[in-house]
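Read the structure below first, then the notes.
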Amino acid sequence: MRKEVLELNVSLLSSVSVVGKKESEGPLGSLFDLRDEDDRFGGKTWEEGESEMQRLAFNTLLAKSGCEDRDIDALFAGDLQNQCVGSAYGLLNFDLPYFGLYGACSTCTEGLILASMALVGGCELCGVVTSSHNCVAERQYRSPIEYGSQRAPTAQWTVTGAGAFLLGKEEGKVRLVRGCPGRVIEMGICDLSNMGAAMAPAALDTLLRFFKATGKRPEDYDRIVTGDLGFEGGAILQDLMRADGVPLGRRYSDCGQLIYDRVLQDVHAGGSGCGCSAVVLSAYYLPKLQSGELRRILFLSTGAMMSPDSIKQGKAIPAIAHLVELEAPNL
């Protein structure tokens, strides 16, 4: 019988968040480790800027943790660009085994689960890096920002940001206790401007499977956090959970709802992108767990698994949601 929930019990030892200008001007702006004023990070193109974000995030993680690249047994990284070239170029000069990932906006938690599995399998230290860039994503999936196309009310703003995490077996600041890998769910949503609606059923599926397998309930957690359903998808998820008799209530929050001021920054349905859940987890939730303000949370990154070609061909959008259970130290 398939094991729905993985017992992992590894530590999140350190993390770093790097963001662009819009993110630094949002409600969490003062919490991020590094920020850039023109979103290029010294690169000539948006794509070079995203790669530099990844390099900065991982390099800063090494410095912050006192490690060198040769100390890391494996690095798991991904982004939204075709073939994950943002990660490949950004991490090119580090001397360590590299696994390129594509989980769309779920990549952060996918990486955390895979890195934890590698640690259980014998590694000592593993890294996870993920990023997204607003201008890169718009050019690849929709229209270049220079085109000035009108955005739908349900559209989300792709976060320009990169998060990096160091995981190990030793006791650390936060414990990653369990992981619940997501299943690909497709509910017939074809609207590229409403990814929240496409991803909410995947989050529902993962949460229900986790609760059934563990016997836990939402009230056992201080927060249940989704990666980037935004306001549209977040409302849909809460309705779906309520209909299934498992209401999330006020303990529910979403990274895409937290990272921007919805009104002042004109982001419509909130934030999205691989960098969204990564930088909010690093800058906002991990410090709350480290301080004991939060004791136990469920953290899900959700991803819409479309490609530029699948969109042109009118395919419905498959989605996925990976989950990790995080605990404060000495719980």
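Examine the stretch 131-141 for a residue that is assigned to a strand (DSSP E or B), assigned by TED's automatic domain parsing to the domain that holds LEU34 and under 17 Å from the mean Cα position of the chain (by Cα), and state whether such a residue exists. Outline the logic, then answer.
We begin by selecting, within the stretch 131-141, every residue assigned to a strand (DSSP E or B); these are 131-132.
Filter once more, so that each one left must be assigned by TED's automatic domain parsing to the domain that holds LEU34: 131-132.
So of that shortlist, the ones also under 17 Å from the mean Cα position of the chain (by Cα) come out as 131-132.
Yes: the stretch 131-141 contains one or more residues that are assigned to a strand (DSSP E or B), assigned by TED's automatic domain parsing to the domain that holds LEU34 and under 17 Å from the mean Cα position of the chain (by Cα).
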Residues being modelled with pLDDT under 95 and assigned to a strand (DSSP E or B) - total across the stretch 304-331: 1
Residue list for the stretch 280-308, restricted to those being closer than 23 Å to LEU204 by Cα and either of a type in the set (Phe, Trp, Tyr) or buried (at least 24 other Cβ atoms within 10 Å of the Cβ) (or both): VAL280, LEU281, TYR285, LEU298, PHE299, LEU300, SER301, THR302, GLY303, ALA304
Residues of the stretch 61-70 satisfying the condition of being in a helix (DSSP H, G or I) and touching a helix residue (DSSP H, G or I) at 6+ places or on another chain (Cβ under 8 Å): LEU62, ASP69
Tabulated pairs, the stretch 29-44, first farther than 16 Å from ARG55 by Cβ, second of a type in the set (Ser, Thr, Tyr) and assigned to a strand (DSSP E or B), C-beta under 7 angstrom, 6+ apart or interchain: PHE32/SER17
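I'm trying to understand the selection: among the residues of the stretch 95-113, which are crowded, with 20+ Cβ neighbours inside 10 Å and either of a type in the set (A, V, I, L, M, F, W, C) or not in a loop (DSSP other than H, G, I, E, B) (or both)?
Of the residues in the stretch 95-113, the ones crowded, with 20+ Cβ neighbours inside 10 Å are 101, 103-113.
Passing the criteria: LEU101, GLY103, ALA104, CYS105, THR107, CYS108, THR109, GLU110, GLY111, LEU112, ILE113.
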Some residue of the stretch 189-205 being more than 18 Å from the chain's Cα centre (by Cα) and more than 26 Å from THR154 (Cβ to Cβ): no
Unique match (being closer than 22 Å to ALA164 by Cβ, within 14 Å of the chain's Cα centre (by Cα), in a helix (DSSP H, G or I) and outside the structural domain of ALA77 (by TED's automatic domain parsing)) among LEU300, LEU281, LEU289: LEU281
Lone unmet requirement of (1) among the acidic types (Asp, Glu); (2) surrounded by fewer than 20 Cβ atoms within 10 Å (Cβ to Cβ); (3) touching a helix residue (DSSP H, G or I) at 6+ places or on another chain (Cβ under 7 Å) for ASP79: (2)
Residue tally, condition outside any strand (DSSP E or B) and in contact with a helix residue (DSSP H, G or I) (Cβ under 6 Å, 6 or more places away or on another chain), over the stretch 1-27: 2
In the stretch 170-191, the residues that are part of a loop (DSSP other than H, G, I, E, B) and surrounded by 17 or more Cβ atoms within 10 Å (Cβ to Cβ): GLY172, PRO181, GLY182, ILE189
Per-region count, the stretch 124-163, residues of a type in the set (Val, Ile, Thr) and at pLDDT below 80: 1
Residues of the stretch 201-250 satisfying the condition of being in contact (Cβ under 8 Å) with a residue 24 or more places away in the chain and among the acidic types (Asp, Glu): ASP205, GLU219, ASP220, ASP222, ASP228, GLU232, ASP244
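Take the conditions surrounded by fewer than 24 Cβ atoms within 10 Å (Cβ to Cβ), modelled with pLDDT of 95 or more and either over 24 Å from GLY188 (Cα atoms) or in the same structural domain as ALA57 (by TED's automatic domain parsing) (or both) and apply them to ARG251. Does it pass?
Details: surrounded by fewer than 24 Cβ atoms within 10 Å (Cβ to Cβ): yes; modelled with pLDDT of 95 or more: yes; either over 24 Å from GLY188 (Cα atoms) or in the same structural domain as ALA57 (by TED's automatic domain parsing) (or both): yes.
Spelling it out, ARG251 is indeed surrounded by fewer than 24 Cβ atoms within 10 Å (Cβ to Cβ), modelled with pLDDT of 95 or more and either over 24 Å from GLY188 (Cα atoms) or in the same structural domain as ALA57 (by TED's automatic domain parsing) (or both).
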Odd one out for LEU34, checked against (1) buried (at least 19 other Cβ atoms within 10 Å of the Cβ); (2) aliphatic (A, V, I, L, M); (3) within 18 Å of THR130 (Cα to Cα): (1)
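The values are calculated or read from the model by the stated rules, or taken from the named source; none is laboratory data. As the structure is a prediction and not an experimental result, all values here were calculated from the model. Cβ sites come from the backbone with ideal geometry, for glycine too, and all protein chains shown count toward neighbours.
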